[in-house]
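Structure first, then comments.
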Amino acid sequence: MRPIRLPARQKSALSALVCSTLALSLSASAAPKKVSGYESLGVTAGKTGGGATLILGDSPQSLNYYGAIDNNLGLISQQLFDGLVEFNYATYKLEPALAESWTVSADGKTYTFKLRQGVKWSDGEPFTADDVVFTYEQIIENPEARAGDAATFTQNGKKVNFEAVDKNTVRVTLQKPTPAFLLQMRNFIMPKHKLIKFSVEGGAKAADLNNAWPTNVAPAEVVGTGPFKLNSYTAGQKVSLVRNPNSWKVDAKGTKLPYLDTLDFLIIRDPQAQVAQFLAGNVDQLNITGAQFPDLKQKEVAGAPFKVVRSTALFGSPPFVAFNFDAKDAALAKLFSNLKFRVAAQSALNRNRLIETVYNGLAGLPGHGVAPANKEFYVNTKGSLGSFDLAAAGAALDALGLKDTDGNGVRNLPGGKDLEISLTYGTDSSVYPAIATIIQNDFKAVGIKVNLQGILVKNLLSTGLSGNFEMILHAFGDQPDPELRRPIWQPGGALYYWHRSLQSATDGAAPNIAKMFPWEKEIYSIFETAAVTPDRAQRKALYTRWQLLFAHNLPVIPLLKPENIGAVSNKYGNYVYNLGVIPGYNPVPLIYQK
Amino acid sequence: MTTLAAPEAKSASTLSMAWRRYRKSRLGVLGGWVLAALYLTALFAGFLSPYSITTQHQGHEYQPPSRLHLVGKGGLSWPFVYGTRESRDPVTFARKSVDDPSVQLPVRLLVRGEPYRFFGLQSDLHLFGVPLAQGGSPQVFYFPFGTDQLGRDLLSRTLVGGQVSLTVGLIGVVISFAIGILMGGISGYYGGLTDTLIQRLIEVLLSFPRLPILLALSTLIPPRWPSTWVYLGIVAVLALIGWAGLARVLRGQVLTLRSLDYVSAAQAIGARDLRIILRHITPNLSSFLLVTATLALPGFVLGESALSFLGLGIKEPMTSWGLLLADARREGFQTLNLYPWLLLPGLFLVITILAFNFFGDALRDAADTQTRL
Amino acid sequence: MLSFILRRVLGMLPTLLVISAVCFLVIKLQPGSFTDQYLEDPRFTRETAAAISRQLGLDQPPVAQYFHWLGGVLTRFDFGYSFLQNRPVVTVIGELLGWTVFIALLTLLLSWVIAVPLGIYTAFNRHSASSQVIGVLGYLGLAIPDFLAALLIVAVVLRLGGTNVGGLFSPKYIDAPWSWARVLDLLNHLWIPVVAVGLEGVAGLMRQMRASMLDVLGQDYVRTARAKGAPQRRVIWRHAVRNAINPLISLAGLSLPTLISGTIIISIVLNLPTIGPLLYDSLVNKDQYMALTLLMFSAALLLLGNLLADIALAWADPRVRYS
């Protein structure tokens, strides 16, 4: 379960108030970005030099970030490239990156970005507005680019327009006010001078972009603005990066970032092999699960040269169970659509036992669509989680007319059939099989027979989207802004698969509002409104209402929120937990070797 | 009459000679007994296992194997177990299970416990166990192999898992031999075009790499099937790959036998072909088949464990040694350091494979009438 | 002999053709599509799925896809593109082929070096305690699933403070130029997979060697040689072993495909850059041309192995004639 999610597709969006306050206050000369103010995360002044080795879960499929949807490629790209904006490590607010400042027009439709001056690509070429325009128009808006994002940058059937006003200014013209647009500016900017020959502008076919920078490309071709640059790739074994001499970040004292001279990624597929390599000291950092915590912590306590660090970070995937409102079995579909049933089911879910048994206690109660660690948007919905109470669940099921009429220990549906539900879960995961088995056990106690249907984790979503399930155990990652999770939580969204009949037949068309439950209609319009509401307080109020509706109506039943746990070698300082690929959230440049 | 008795006497002596040769291999004999014991255990798994394989004993997760005590406060006594106190280390979050000598309960024989089915009969009689606690007093469990992550009794899971692992081999061998004998027999008996076609087919089948094609076929088993079907599907997949090698060898044997007098004689009196293959030719190969089957069995058992390791094998709530091992291995180093008892099913797997091999070797030596050293 | 080889090679072609068709069928029968794995990414829309399918030719009917691939293979020796890597299948395989062959040959060699002498020894000392111990150890190698064996070895190495717990090199040597230190580092890592996989094959080979040795010892010519009063050592090596090893040569040919399949699990567990995991990934992700090519490659290796074994057999055993 690798909970990495990228910014959501959006047709509209979010506030720009932050931005205008930041605007136009910086000088025009070469201006490195000062990365400071993270004392709360334990960040101190480091020293330059040394190197670290991290883990890559598999070989990258390409070295062209927009040529393949691939987490491992994302992890590398994050060190090689930057976006115009990025997240603050502590507050998750957007702050300047390659763009030094920006302004938004009064009608909310024109964004003007002032680019950081004096930034150079790792091969010494200057970084200019042309690169930004090229990246968006030729790559991201290219519908044939496999990892492009053409849908997000198409509004009212037209492509969002990017224009280089001068060498250091980019103007973006939207079709409609889109407050959340800034979140989309985290996309990595690519070098025009290296990629033009793969673009339509350079005379190639649209799909040729996918052929740029295959993994056997000469490392000097892969040019970026990020903290590191590519040094070499050994197929199936290692990706090796070195410090980008032209990087543009400095620490509080003005020391150039990154601190590290080299950054290596060892390719290790198997989680246990990863642990072995970490214990052997060949790898310096490891993200682990609650199940692995006791063993490693015992080693730390016994004097092993590493620390195991717990953090309640915002990102990460809280598992949930969803009932299919459109289940093939009509009786079940009707039952699942009944809120009373879902509430009864919730009281038969033993969250504390799941946290205790499956996560060794290293998890907390979940939010509803928003992580409890999200100070900006989270509203406390813990009261609606109810408590584990089999008697109450049984009584609620009795009240629904689901009684065991044939005395076989399983309740019967109105037609006389046993109340049997199949639960689809991932077998090749460290948590899903145990969670599924516990649910099966507790549901059995209230007279619901759960049949486990194990599939590979990678097939969970496609199974969900195909509608071919009754009850599913799955997880979606949390993001700083609910707008980024809109396809998941907005009824009718592309990933709102537990009520598939709401989805429109084609992308972008309006969903089937008539078939929505009243609360679904309300949630739907909340997302629609929030997307174009610039006022921050108003948006927060809207999303608060959504979370309460979610908690009360349970489109899905969230189970828990795992803590993020990382282990890091004692050789390093300034370690900030880093889940993986979150574009715009990369604390690796701060790490230094003691 | 005397003329009839002679061949019987001869065959008896062949058998007894084979028996003598078999007895010579001590490991083979041991293997035979171990196998007999294992299959009996699998047959009576429900009776032998103290608990149901799905019962989750909350508060007893990852409990190490309970120790059986003989010496109590009053000296020697009937075997008993202590109650346990579970806790969690505040720093490392590791589970700890400490014996609580204030609670002692004897392990009784033939106790009533959770119901299980045996050949369609419902029963709740278990060979041993700690009887259910009477009013108020804390329930004490006896977990000879400890428990897993969810507090399920590992001994019960191992025994019941053995049913799957041990029968995967048997059913698989039966299926693959049925196909193999038929195809090999037909191919060798008829010759000509039939032979060529079947040989081609065998060649193609043999050319498939084993594990990859197993992978490919097992991904074909619909994930929505109930676990029993998945089990059968896996057996079928294993068997479908397994028959070709056998058919090839059999064909050679049949080719030789076909020209023997009694086969010609049977043909002359107008016996049907299938009858000749099954009644006259196959019995002559029985010792060969028996040996080959014994030696093919471990392949099926290991094949099941490989599939389960890759997440494509047996699924919850069924269990098998392969699945139990894959679970243990998924926890990897934690298992070795914190919960080593989870590897016990592996011991069963290893012992089974060893037993099959020794038994098979001994059978082969016994059936081998030529070599005398 | 040349005409024999030529005939055999030509005879392989129809078999390979059938195999490729069956493999393609099996791959295509699996539910889902290549693009399923990307669904979770929000950048991935139905249009993207359609675009990718078009780019990859997946919008064509399966039969057309198959013949398109076959045409490429026959006319240009082009085995198609890997969907996952967006590179020609042959290049991707080529990158990993070296190590795959190296590791596989080494494990085969280890199995042989251990198994053949032990097989001979146990044939001569059928019921002795020592050969029973050897038997137990040999079968132990067979009985312990390789993923478990690897886990145990790695755990022991870790406990002893070693750092060679996976992969082929220590991180710093992975992209270093060849040197003695690098070779030593390689050997230091290599023994774990070689032992874990190699020991698995020992039991089978040993049993085969023992059986054919016993067969041969019962043959007339060995008895004759003994009766003639030839020295025991000579009888064993000149007459018995030389003949007993013949069936093993055929067996060696059959084990060529383990180059690919034998290392799937161990390569995942021990993180080796071999073809095994590639095959697993391509099957699970429906990277169809990659999977097809690898399956074909494996089948071709088997057929080739058979041929090589026959040639070697003819060379080792004058009674066998090319026919």
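Brief remarks follow.
- Averaged over the residues of A:363-373, the number of partner chain Cβ atoms lying within 10 Å of the residue Cβ comes to 0.
- Look at the alpha carbon pairs under 8 Å that are at least 6 residues apart: their mean separation over the length of chain B gives a relative contact order of 22 percent.
- For the range B:69-151: relative contact order, % (alpha-carbon pairs under 8 angstrom, 6 or more apart): 22
- Cα convex hull volume per residue for chain C (Å³): 197
- Computed on the Cα atoms alone, the convex hull of the range A:219-372 gives a volume of 221 cubic angstrom per residue.
- Under a 5 Å amide H cut-off, with hydrogens placed 1.01 Å from N, A:Val309 pairs with A:Gly566, A:Ala567, A:Val568 among residues at least 5 apart or on other chains.
- Cα-based helix-to-principal-axis angle, A:432-445 vs chain A, degrees rounded to 10: 20
- Dividing the Cα radius of gyration of the range B:282-373 by its Kirkwood radius returns 1.16 for Rg/Rh.
- The range B:90-213: translational diffusion in µm²/s, Stokes-Einstein, Kirkwood Rh over Cα pairs, 25 °C, 0.890 mPa s: 121
- Test item: Cα-centred dipole of the range B:69-151, Lys/Arg +1 and Asp/Glu -1 on Cβ, debye: 100
- With Cα atoms, 0 to 90° folded angle of helix B:26-43 axis to chain B main axis: 60
- Straight-line reach from A:Lys197: taking Cα to Cα under 13 Å and skipping same-chain neighbours fewer than 8 places apart, the aspartates and glutamates in range are A:Asp208, A:Glu221.
- The charge dipole of the protein assembly as shown, taken about its Cα centre with unit charges on the Cβ of Lys, Arg, Asp and Glu (plus for the first two, minus for the last two), comes to roughly 2160 debye.
- Amide H contacts of A:Thr169: A:Leu115, A:Ala129, each under 5 Å away and 5 or more positions distant or on a separate chain (H built 1.01 Å from N in the peptide plane; Pro and chain starts excluded).
- Principal-axis tilt of helix B:210-220 within chain B, Cα atoms, nearest 10 degrees: 70
- Prolate/oblate/rounded label for chain A (Cα gyration tensor, a/c 1.5): prolate
- Gaussian network model of chain C, Cα within-10 Å springs - most flexible of C:Tyr221, C:Tyr139, C:Tyr81: C:Tyr221
- Across all directions, the average flat footprint of the convex hull enclosing the Cα atoms of the range B:69-151 is 7.7 nm².
- Contact order normalised by residue count of chain A, Cα under 8 Å, 6+ apart, percent: 22
- Most fluctuating residue given options C:Val63, C:Val195, C:Val90, as computed from a GNM of chain C linking Cα atoms under 10 Å: C:Val63
- According to the calculation over all Cα-Cα pairs in the range A:319-562, the P(r) per 10 Å bin from zero is 7, 32, 37, 20, 4, 0 %.
- C-alpha center-to-center spacing [the range B:259-324, the range A:310-346] in angstrom: 47
- Residue pairs, from the table A:Lys299/A:Lys561; A:Lys334/A:Lys515; A:Lys47/A:Lys571; A:Lys328/A:Lys449; A:Lys328/A:Lys521, whose Cα atoms sit over 19 Å apart: A:Lys299/A:Lys561; A:Lys328/A:Lys521
- Taken residue by residue and averaged, Cβ atoms of other chains lying within 10 Å of the Cβ of C:147-157 number 5.
- Stokes-Einstein diffusion coefficient of the protein assembly as shown, Kirkwood radius over Cα pairs, 20 °C, 1.002 mPa s, in µm²/s: 63
- Separation of alpha-carbon centers, the range C:182-234 and the range C:72-103, rounded to whole Å: 36
- Inter-chain Cβ neighbour count for A:231-237, averaged per residue, equals 6 (cutoff 10 Å, partner chain atoms only).
- When both bridge partners sit in the range A:319-562, DSSP labels roughly 55% of those beta bridges antiparallel.
- Computed helical MRE - 222 nm, chain A, DSSP H runs ≥ 4 contributing -39500 (n - 2.57), nearest 500: -6000 deg cm²/dmol
- Placing +1 on the Cβ of every Lys and Arg and -1 on the Cβ of every Asp and Glu, with no other charges, gives chain A a dipole of roughly 720 debye about its Cα centre.
- Sorting A:581-593, C:64-76 by their mean Cβ neighbour count within 10 Å, with the most densely packed peptide first, gives A:581-593, C:64-76.
- Set of aspartates and glutamates with alpha-carbon distance to B:Lys24 below 14 Å, sequence-local pairs under 8 removed: B:Asp361, B:Asp365, B:Asp368
- When only alpha carbons are used to place a centre, the range A:77-146 and the range A:354-424 end up 45 Å from one another.
- Members of A:Lys444/B:Lys96; A:Lys375/B:Lys315; A:Lys167/A:Lys229; A:Lys158/A:Lys194; B:Lys73/B:Lys96 lying beyond 32 Å, as alpha-carbon distances in this model show: A:Lys375/B:Lys315
- Rounded to whole Hz, the Karplus (6.51, -1.76, 1.60) HN-Hα couplings of the range A:255-261, x for glycine and proline: 6, 5, 9, x, 6, 6, 7
- Here the sum of -39500 (n - 2.57) over DSSP H runs of 4 or more residues, divided by the residues of chain C, equals -23500 deg cm²/dmol at 222 nm, to the nearest 500.
Any read-out appearing in this document is the output of simple, stated calculations on the displayed coordinates, not a laboratory observation. A quick note: this is a predicted structure, and the numbers were derived from the prediction, not measured. All Cβ positions, glycine included, derive from the backbone under ideal geometry; neighbour counts span all protein chains shown.
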